[in-house]
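Report on the following structure.
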Amino acid sequence: MESFSLSEILHNLKEEIHDFFPDPVWIHAEISECRENQSGHCYAELIEKDSRDRITAKIRANIWAMVYGALKPYFESVTGLPLQAGMKVLVQATFEFHEVYGLSLSITDIDPSYTLGDIALKRDKIIRQLTEDGVLDMNKELQLALVPYRVAIISSPTAAGYGDFCNHLQHNRFGYKFRCTLFAAQMQGENTEKSVIAALDNIAEQVENFDVVVIIRGGGATSELSAFDNYNLAYYCTQFPLPILAGIGHQRDLSVVDYVAYKSMKTPTAVADFLIECCMNYEERLNDLRTRAVSAFKVHLDEHQKHLFMLSVRMGQAPQKMFLNCARHLNNTYMKLQMAAHKQVDIHKQSLRALQQRLSLASPDECLSRGYVRIFKNGEWVKNSLTLSKEDQVEIQFEDGTKKAVIK
């Protein structure tokens, strides 16, 4: 009986594969694993799935350092994303067969437009689903408060966009005062969906204390913002009882959360400008009402004066004294009405200023200036004595600085 060694069979198989695929071929597949080693090589696993999401094909793939060094920056500059698991790609590759390590692909080129198309298809699919569910515009249909000064912020406390947003509101040139409350959340990575929804839940528990919700991040790579292309998070936003303003930071594309929000802006500072503009519009509306009221009173007075003048002409000199008295009375009435109109507007302005002062007095910095202190443990604000233990190291914040102490 004729027999062959394993190496002979595998060597013949290697030659057959090379003869069948002598040149590089284009292959579309999904990345299931992807890692880069210290030498600059990229090792990946490509798979194909059927309509039931079952794996029907799998193969190892390599991008050697010399090729990967050129492909990586090009791919990321076009897509804004690094190669990663779950991504669909179109690659040019040659088949390599090794008698010990088996069959693999050596990738020589990648078409980033294919991946961009797949990302856009996924986003469009989510938007279509939200449209079919009848919820896409639900948050847009809510009524925004005329003066949305009570702002619930969902952001990472260390994000530059959060600092820019607060600074922009605090130092607005009109002197409007806003009450901002941070609900910290993770704004990138696989836990973003869960973290942002948890923050929304916290806000919903005290929804009567806020006028608007702001979701801000500001900048970052597209890959870091892809978590906002998420059906569950977007659906949750559509059902939220307060208007949601999105300033997530996409400069090139809108995320699904941008689509469903009450209003979406490119940057956190643009969101701050929108809130300032709302207050400015309300003040202009008050001033316009005052002007219109005074003008209406003046027109009414002029009509009566003209009428009285015509009566005096017809009646001669006898009723002139009566006319003058009536004119004086009308003038007095006009002055009183004008003063009343000014007074009402001033009362509203004083109420707004009083509200601003109360908000200012309630700020942590104002409390410090009145002799109060804040205690921090490991950088966290201590709000309950039960969180402190003997020998804990704490920092005590005064108005003019901080001191360290030990709990005894």
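Okay, here's what the table says:
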| read-out | value |
| --- | --- |
| Sole residue being within 30 Å of TRP64 (Cβ to Cβ) and either part of a helix (DSSP H, G or I) or in contact with a Phe, Trp or Tyr (Cβ under 8 Å, 6 or more places away or on another chain) (or both), chosen from PHE165, PHE95 | PHE95 |
| Of all residues in segment 269-316 being among the acidic types (Asp, Glu) and farther than 30 Å from ARG150 by Cβ, the one that is most open to solvent (accessible area, probe 1.4 Å) | GLU303 |
| Helices (runs of 4 or more DSSP H) enclosed by segment 204-317 - at least 1 residues per element that are at pLDDT 85 or above | 231-238, 256-260, 268-315 |
| Any pair with Cβ under 8 angstrom, 6 or more apart, that starts in segment 298-311 at a residue that is within 11 Å of TYR334 (Cβ to Cβ) and ends at one that is part of a helix (DSSP H, G or I) | LYS298/TYR334; LEU301/LEU330; LEU301/ASN331; LEU301/THR333; LEU301/TYR334; HIS304/LEU330; GLN305/ALA327; GLN305/LEU330 |
| Residue in segment 124-135 that is under 17 Å from the mean Cα position of the chain (by Cα) and open to solvent by less than 80 Å² (accessible area, probe 1.4 Å) present | no |
| Filter result for the condition that a residue is of a type in the set (Gly, Ala, Ser) and either closer than 22 Å to GLU190 by Cα or not in a helix (DSSP H, G or I) (or both), over SER113, SER7, SER32 | SER32 |
| Some residue of segment 17-28 being open to solvent by less than 80 Å² (accessible area, probe 1.4 Å) and in contact with a Pro (Cβ under 9 Å, 6 or more places away or on another chain) | no |
| Matching residues in segment 55-85 - criterion: being open to solvent by 80 Å² or more (accessible area, probe 1.4 Å), within 25 Å of ALA120 (Cβ to Cβ) and not hydroxyl-bearing (Ser, Thr, Tyr) | ILE55 |
| Every residue from segment 340-371 that is assigned to a helix (DSSP H, G or I) and among the charged types (D, E, K, R) | LYS343, ASP346, LYS349, ARG353, ARG358, ASP365, GLU366 |
| Looking only at segment 391-402, and only at residues there that are within 17 Å of PRO364 (Cβ to Cβ) and either open to solvent by 100 Å² or more (accessible area, probe 1.4 Å) or outside any strand (DSSP E or B) (or both), the one that is modelled with the highest pLDDT | ASP400 |
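The values are calculated or read from the model by the stated rules, or taken from the named source; none is laboratory data. Computed from a predicted model, the values in this text were never measured in an experiment. Cβ atoms come from the backbone with ideal geometry, glycine included; neighbour counts cover every protein chain shown. These area figures cover heavy atoms from the full protein model, side chains too; ligands, DNA and RNA do not enter into them. Shrake-Rupley method; radii C 1.70, N 1.55, O 1.52, S 1.80 Å.
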